[in-house]
Amino acid sequence: MFDAEECVKCGRTVFPKRMVCPHCGGTDFNRKMLSGAGKIISFTNVTNPPSGERPYHLVLVEFEEGEGVRVFGQSEADGEEPEEGMDVTPIFRILRKEADGGIIHYSYKFAKAEKTEAEKKEGGLK
């Protein structure tokens, strides 16, 4: 879902793409796709958003792949309060619409990850 790079020199994941590795200064990269799945490490509530928008949660997510790779995004929680440590996955959604037939802005938002059947059974045993 996310197009990142892996530095040939130090092996660290770089996202978003850059010309120079911020960790070692390397300039050679291999393409690396990230699923975008991760955990919320922090969040805030935006209670006074720009005109015409509803309040929303802004989350900081650390990806499962790539040590220290983090990204901000809106939560698609539908009234549910995000929690630190919550597993999330990216979804493609309308971010906002400009008035009267204006531009529609699309982007990713993060939704609570669904548990697999095995995880549901394991959770019931504890």
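The values are calculated or read from the model by the stated rules, or taken from the named source; none is laboratory data. From a predicted model like this one, the values you see are computed outputs, not experimental measurements. Reconstructed Cβ throughout: ideal geometry from the backbone, glycine too, with neighbour counts over all protein chains shown.
Observations, loosely collected:
- Qualifying residue in segment 97-105 (condition: of a type in the set (D, E, K, R), over 17 Å from the mean Cα position of the chain (by Cα), farther than 15 Å from L34 by Cα and part of a strand (DSSP E or B)): yes
- Flag not set for G26, criterion: surrounded by 15 or more Cβ atoms within 10 Å (Cβ to Cβ), closer than 16 Å to F2 by Cβ and either at pLDDT 90 or above or touching a His at 6+ places or on another chain (Cβ under 7 Å) (or both).
- Residue ID - surrounded by the most Cβ atoms within 10 Å (Cβ to Cβ), chosen from residues in segment 60-69 that are charged (D, E, K, R) and at pLDDT 80 or above: E65
- Residue in segment 89-100 that is hydroxyl-bearing (S, T, Y), buried (at least 19 other Cβ atoms within 10 Å of the Cβ) and in contact with a strand residue (DSSP E or B) (Cβ under 8 Å, 6 or more places away or on another chain) present: no
Conditions (1) among the aliphatic types (A, V, I, L, M); (2) modelled with pLDDT under 90, marked per residue:
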| residue | (1), (2) |
| --- | --- |
| A37 | yes, no |
| L58 | yes, no |
| V71 | yes, no |
| E76 | no, yes |
| E83 | no, no |
| T89 | no, no |
| R96 | no, yes |
| F110 | no, no |
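- Residues that are more than 17 Å from F110 (Cβ to Cβ) and of a type in the set (S, T, Y) do not occur anywhere in segment 59-82.
- Odd one out for N48, checked against (1) exposed (fewer than 12 other Cβ atoms within 10 Å of the Cβ); (2) on the phi > 0 side of the Ramachandran plot; (3) at pLDDT below 90: (2)
To keep it simple, each residue is scored yes or no on (1) of a type in the set (A, V, I, L, M, F, W, C); (2) touching a Leu at 6+ places or on another chain (Cβ under 9 Å).
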site	(1), (2)
A4	yes, yes
V14	yes, no
G26	no, no
I41	yes, yes
S51	no, no
V59	yes, no
D87	no, no
P90	no, no
